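**Q** Below you will find the structure I want to go over with you.
The values are calculated or read from the model by the stated rules, or taken from the named source; none is laboratory data. Just so you know, these numbers come straight off a predicted model, no measurement behind them. Every residue, glycine among them, receives a Cβ derived from its backbone with ideal geometry; neighbour counts consider all protein chains shown. Areas reflect the complete protein model, heavy atoms only, side chains present, ligands, DNA and RNA absent. Shrake-Rupley method; radii C 1.70, N 1.55, O 1.52, S 1.80 Å.
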Amino acid sequence: MYLTIEQHIIQQQRKFPDSTGDLSDLLYDIALAGKMISKEVNHAGLADILGATGSINVQAEEVQKLDLFANSLFLQIFEKSGRVCTFGSEEDEKCVCFEPDQVPGKYAVNLDPLDGSSNIDVNLAIGSIFSIHKKISAGIKGTEQDCLQKGSKQVAAGYLIYGSSTMLVYTTGQGVFGFTLDQGIGEFLLSHEQMTFPDRCTIYSINESNFNFWDRATQEYVQYVKSVDSPTGRPFNARYVGSLVADFHRNLIKGGIFLYPSDHKDPKKKSGKLRLLFEASPLALIAEQAGGHASTGTEAILDIQPSILHQRVPLIIGNKDEVLRYEGFVKKYRG
Ligand code: AHM
Ligand code: MG
């Protein structure tokens, strides 16, 4: 008999007798949003919610793109819950600070509501990524300061993946747990207990069309994993979906390294493409809890103090040995 996510979270919560249950309730809120997004994703082709906004559905309501739908769904759920003081989203320039009637929400949530947007219209796996911090600002209302915290201070993080099945993977610092949505009963059931990267790393995931725009360290590292000098004695397999959640999830299960380094192709990507608070930091916590590692090439992702909400970072994440090996290439070639 599988444990439901609720039963599992209650079991985890019992380990902390002083817990008020707010974090557990916030995780249920996220699971609920995940179920609703999953339903929407599964109907995407029929419901006319692909492509641009502006169209009107049969109920004469304005149809939203899936990523905007996901964003406003999370916003509404957090606003009503009273558990969240501040909500930072990849979709919004500024964070939303909720004004409570009496008691402030205890948690700040940073979130990429629907990551892998280029894959939405073509039926490939996409995901939602979330990161939870405790409120640190003084006063009843949350502030941006609550969102701008180091990854090492996260109290929970995780992602939803909408793929051949929908899964929720999360950590509260007690290991990584994966739940698969049983569509028939509408419940997330514990399917992957204490997830860890396999010892053997056999996959590399990177957008290789950027090869000529990478620094020497990245070029040499990628040549290395493609050679018989690699730790497997043969080239690693190349696998790249272009949805971070999907690439990360596959590598977590099969053993792999994902790289989105900085490059000089696009001035906006000088520090990499991916967002520290919405993508890198939450997945870094999952990776570390699963025995892996996440780095910019020179610094652990979890140690970075964010300075702005939409800060971008190079992200090298996956099997620890390989991420450290990449750092070694950086030291060698950058001096
Ligand atoms: P998005 O937040 O606009 O969806 O962009 C993030 C996505 C990641 O899921 C993925 O790893 C990356 O962009 C792929 O970028 P590229 O197309 O440059 O390889
Ligand atoms: Mg994204």
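**Q** Identify all residues within the stretch 82-120 that are in contact with an Asp or Glu (Cβ under 7 Å, 6 or more places away or on another chain) and open to solvent by 30 Å² or more (accessible area, probe 1.4 Å); write none if there are none.
**A** 83, 90, 91, 106, 117
**Q** A follow-up question, please. How many of the residues making up the stretch 17-36 are over 17 Å from the mean Cα position of the chain (by Cα), within 15 Å of residue 110 (Cα to Cα) and acidic (Asp, Glu)?
**A** Total satisfying the criteria: 0.
**Q** Let me ask you something else. Read through the list (1) more than 13 Å from ligand 1 (Cβ to nearest atom); (2) over 16 Å from the mean Cα position of the chain (by Cα), then give the number of the only condition that residue 122 fails.
**A** Residue 122 satisfies all of (1) more than 13 Å from ligand 1 (Cβ to nearest atom); (2) over 16 Å from the mean Cα position of the chain (by Cα) except (1).
**Q** While we're on this one: Among the residues of the stretch 137-196, write down those that are of a type in the set (A, V, I, L, M) and more than 26 Å from residue 87 (Cα to Cα).
**A** Start the filter on the stretch 137-196 by keeping residues that are of a type in the set (A, V, I, L, M), which leaves 138, 140, 148, 155-157, 160-161, 167-169, 176, 181, 185, 189-190, 195.
Correct list: 185, 189, 190, 195.
**Q** For the stretch 215-237, how many residues meet the condition of being among the polar types (S, T, N, Q), in contact with a strand residue (DSSP E or B) (Cβ under 8 Å, 6 or more places away or on another chain) and part of a loop (DSSP other than H, G, I, E, B)? Talk me through it step by step, then tell me what you get.
**A** Just the residues of the stretch 215-237 that are among the polar types (S, T, N, Q), to begin with: 218-219, 223, 227, 230, 232, 237.
Retained after the next criterion (residues that are in contact with a strand residue (DSSP E or B) (Cβ under 8 Å, 6 or more places away or on another chain)): 218, 237.
Checking the rest, the ones that are also part of a loop (DSSP other than H, G, I, E, B) come to none.
Looking only at that region, the number is 0.
**Q** Looking for whichever is buried (at least 17 other Cβ atoms within 10 Å of the Cβ) and farther than 21 Å from residue 292 by Cβ here; the options are 184, 178, 142. Which one fits? I'd like the intermediate steps shown before the answer.
**A** Working: 184 fails: buried (at least 17 other Cβ atoms within 10 Å of the Cβ); 178 fails: farther than 21 Å from residue 292 by Cβ.
Answer to the selection: 142.
**Q** Let me ask something additional. From the residues in the stretch 115-143 that are touching a Lys or Arg at 6+ places or on another chain (Cβ under 9 Å) and in a strand (DSSP E or B), which one is nearest to ligand 2 (Cβ to nearest atom)?
**A** Selected residue: 133.
**Q** Among the residues of the stretch 238-283, which ones are within 16 Å of ligand 2 (Cβ to nearest atom), assigned to a loop (DSSP other than H, G, I, E, B) and not acidic (Asp, Glu)?
**A** 240, 241, 242, 243, 271, 273 - these are the residues of the stretch 238-283 that are within 16 Å of ligand 2 (Cβ to nearest atom), assigned to a loop (DSSP other than H, G, I, E, B) and not acidic (Asp, Glu).
**Q** Restricting to the stretch 125-161, count the residues that are away from ligand 1 (no atom under 13 Å from the Cβ) and either small (Gly, Ala, Ser) or under 14 Å from the mean Cα position of the chain (by Cα) (or both).
**A** Taking the stretch 125-161 as the starting set, the residues that turn out to be away from ligand 1 (no atom under 13 Å from the Cβ) are 130-158, 160.
Subsequent filtering for residues that are either small (Gly, Ala, Ser) or under 14 Å from the mean Cα position of the chain (by Cα) (or both) retains 130-132, 137-139, 142, 151-152, 154, 156-158, 160.
Number of matching residues: 14.
**Q** Report whether or not residue 236 is over 20 Å from residue 314 (Cα atoms) and touching a helix residue (DSSP H, G or I) at 6+ places or on another chain (Cβ under 6 Å).
**A** Numbers: over 20 Å from residue 314 (Cα atoms): yes; touching a helix residue (DSSP H, G or I) at 6+ places or on another chain (Cβ under 6 Å): yes.
For residue 236, the condition - over 20 Å from residue 314 (Cα atoms) and touching a helix residue (DSSP H, G or I) at 6+ places or on another chain (Cβ under 6 Å) - is met.
**Q** Being within 16 Å of ligand 1 (Cβ to nearest atom), of a type outside the set (S, T, N, Q) and assigned to a loop (DSSP other than H, G, I, E, B) is the filter here; which residues of the stretch 187-214 pass it? Break it down stepwise before answering.
**A** Initial filter on the stretch 187-214 (within 16 Å of ligand 1 (Cβ to nearest atom)): 203-214.
Now narrow it down to the ones that are of a type outside the set (S, T, N, Q): 203-204, 206, 208, 211, 213-214.
Matches in the stretch 187-214: 206, 214.
**Q** In this structure, is residue 237 away from ligand 1 (no atom under 16 Å from the Cβ), in contact (Cβ under 8 Å) with a residue 12 or more places away in the chain and open to solvent by 40 Å² or more (accessible area, probe 1.4 Å)?
**A** Numbers: away from ligand 1 (no atom under 16 Å from the Cβ): yes; in contact (Cβ under 8 Å) with a residue 12 or more places away in the chain: yes; open to solvent by 40 Å² or more (accessible area, probe 1.4 Å): yes.
The answer is yes for residue 237.
**Q** Sticking with this one: Considering each residue of the stretch 223-234, count those that are open to solvent by 30 Å² or more (accessible area, probe 1.4 Å) and among the hydrophobic types (A, V, I, L, M, F, W, C), and give that number.
**A** 1
**Q** Condition (residue is among the aliphatic types (A, V, I, L, M), part of a strand (DSSP E or B), within 17 Å of the chain's Cα centre (by Cα) and within 16 Å of ligand 2 (Cβ to nearest atom)) applied to the stretch 167-179: is it met by at least one residue? Lay out the reasoning, then the answer.
**A** Applying the first criterion (among the aliphatic types (A, V, I, L, M)) to the stretch 167-179 yields 167-169, 176.
So of that shortlist, the ones also part of a strand (DSSP E or B) come out as 167-169, 176.
Pick out the ones that are also within 17 Å of the chain's Cα centre (by Cα) and you get 167-169, 176.
Filter again for within 16 Å of ligand 2 (Cβ to nearest atom), leaving none.
No: zero hits.
**Q** Something else: Kindly check whether there is at least one residue in the stretch 187-195 that is of a type in the set (Phe, Trp, Tyr), at pLDDT 95 or above, open to solvent by less than 10 Å² (accessible area, probe 1.4 Å) and assigned by TED's automatic domain parsing to the domain that holds residue 108. Lay out the reasoning, then the answer.
**A** Applying the first criterion (of a type in the set (Phe, Trp, Tyr)) to the stretch 187-195 yields 188.
Going one step further and asking which of them are at pLDDT 95 or above, we end up with 188.
Restricting the remaining residues to those that are open to solvent by less than 10 Å² (accessible area, probe 1.4 Å) gives 188.
If we keep only those that are assigned by TED's automatic domain parsing to the domain that holds residue 108 too, we end up with 188.
Checking the stretch 187-195: at least one residue is of a type in the set (Phe, Trp, Tyr), at pLDDT 95 or above, open to solvent by less than 10 Å² (accessible area, probe 1.4 Å) and assigned by TED's automatic domain parsing to the domain that holds residue 108.
**Q** Got a number for residues in the stretch 247-271 being within 14 Å of ligand 1 (Cβ to nearest atom), open to solvent by 10 Å² or more (accessible area, probe 1.4 Å) and within 20 Å of residue 176 (Cβ to Cβ)?
**A** Counting residues in the stretch 247-271 that are within 14 Å of ligand 1 (Cβ to nearest atom), open to solvent by 10 Å² or more (accessible area, probe 1.4 Å) and within 20 Å of residue 176 (Cβ to Cβ) gives 2.
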